[in-house]
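Data block below; observations after.
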Amino acid sequence: MSKYQTPYQALGEEGIRKICNAFYDIMDELPEAAELRRMHADNLEPMKVKLADYLTGWMGGPPLYADKHGTVCMTTPHEHYAIGPRERDQWLLCMEKALVATEVEEEVRSMLKEPLFRVADAVRNRPESITNDDPNIIAIG
């Protein structure tokens, strides 16, 4: 039996923001996430805020993202990007490293593992990965 009913209860908004900051810092530096990084704008600061706002509500906290953007649908904002299994897995790798880097308890990491995969897979819009060097692919952010 978990001591937490929601990940938000364990992490709080501050903890989620730390995870998101670490996530984008890791994505920015990790060679294995180069394709994912190229999908983003040079300045990752706005994305750190957006992801933290989204995850705060998604993890059981206040609906910060919905309050600001009016929707929590993640497929529509990502439809212009070529996201296949490789990009999904790069995202998951960066998130796992961020959870470890911010010292999230193993219980909470286990609680998040399957739901994070489902979210990452839900924005996948290609059956296979393609090279994101295509000039028609717009950067996120």
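The values are calculated or read from the model by the stated rules, or taken from the named source; none is laboratory data. Note that the structure is predicted; figures quoted are calculated from it, not measured. Note: ideal-geometry Cβ built from the backbone for every residue, glycine included; neighbour counts use all protein chains shown.
Determine, yes or no, whether A98 is touching a Cys at 6+ places or on another chain (Cβ under 8 Å), closer than 25 Å to E35 by Cα and touching a residue at least 24 places away in the same chain (Cβ under 8 Å). Can you show your working first?
Working: touching a Cys at 6+ places or on another chain (Cβ under 8 Å): yes; closer than 25 Å to E35 by Cα: yes; touching a residue at least 24 places away in the same chain (Cβ under 8 Å): yes.
Here the answer is yes, as A98 does meet what is asked.
Answer yes or no as to whether A120 is outside any loop (DSSP other than H, G, I, E, B) and either hydrophobic (A, V, I, L, M, F, W, C) or touching a strand residue (DSSP E or B) at 6+ places or on another chain (Cβ under 8 Å) (or both).
So A120 fits the description; yes.
Looking at the stretch 4-41, which of its residues are aromatic (F, W, Y) and either in contact with a Gly (Cβ under 8 Å, 6 or more places away or on another chain) or not in a helix (DSSP H, G or I) (or both)?
Answer for the stretch 4-41, where residues must be aromatic (F, W, Y) and either in contact with a Gly (Cβ under 8 Å, 6 or more places away or on another chain) or not in a helix (DSSP H, G or I) (or both): Y4, Y8.
Can you tell me which of (1) of a type outside the set (F, W, Y); (2) modelled with pLDDT under 95; (3) over 13 Å from the mean Cα position of the chain (by Cα); (4) surrounded by 14 or more Cβ atoms within 10 Å (Cβ to Cβ) is the one V123 doesn't meet?
(3)
Might you let me know whether the stretch 33-56 holds any residue that is surrounded by fewer than 16 Cβ atoms within 10 Å (Cβ to Cβ), at pLDDT 95 or above, within 21 Å of R109 (Cβ to Cβ) and in contact with a helix residue (DSSP H, G or I) (Cβ under 7 Å, 6 or more places away or on another chain)?
No, the stretch 33-56 contains no residue that is surrounded by fewer than 16 Cβ atoms within 10 Å (Cβ to Cβ), at pLDDT 95 or above, within 21 Å of R109 (Cβ to Cβ) and in contact with a helix residue (DSSP H, G or I) (Cβ under 7 Å, 6 or more places away or on another chain).
Taking the stated definitions as given, is Y81 over 18 Å from N125 (Cβ atoms), at pLDDT below 95 and not in a helix (DSSP H, G or I)? Walk me through how you get there before you give the answer.
Details: over 18 Å from N125 (Cβ atoms): no; at pLDDT below 95: yes; not in a helix (DSSP H, G or I): yes.
It is false that Y81 is over 18 Å from N125 (Cβ atoms), at pLDDT below 95 and not in a helix (DSSP H, G or I).
Against the conditions (1) at pLDDT 95 or above; (2) surrounded by fewer than 14 Cβ atoms within 10 Å (Cβ to Cβ); (3) part of a helix (DSSP H, G or I), where does T76 fall short? Just the number, please.
Among (1) at pLDDT 95 or above; (2) surrounded by fewer than 14 Cβ atoms within 10 Å (Cβ to Cβ); (3) part of a helix (DSSP H, G or I), the lone unmet condition for T76 is (1).
Residues in the stretch 42-73 that are among the small types (G, A, S) and in a loop (DSSP other than H, G, I, E, B): how many?
Selection size over the stretch 42-73: 3.
Starting from the stretch 66-80, take each residue that is under 19 Å from M39 (Cα atoms) and list its partners that are part of a loop (DSSP other than H, G, I, E, B), counting only C-beta distances under 8 angstrom and pairs at least six apart or across chains.
These pairs meet every condition: M74/V123; T75/V123; T75/N125; H78/V123; H78/N125; E79/N125; H80/I137; H80/I138.
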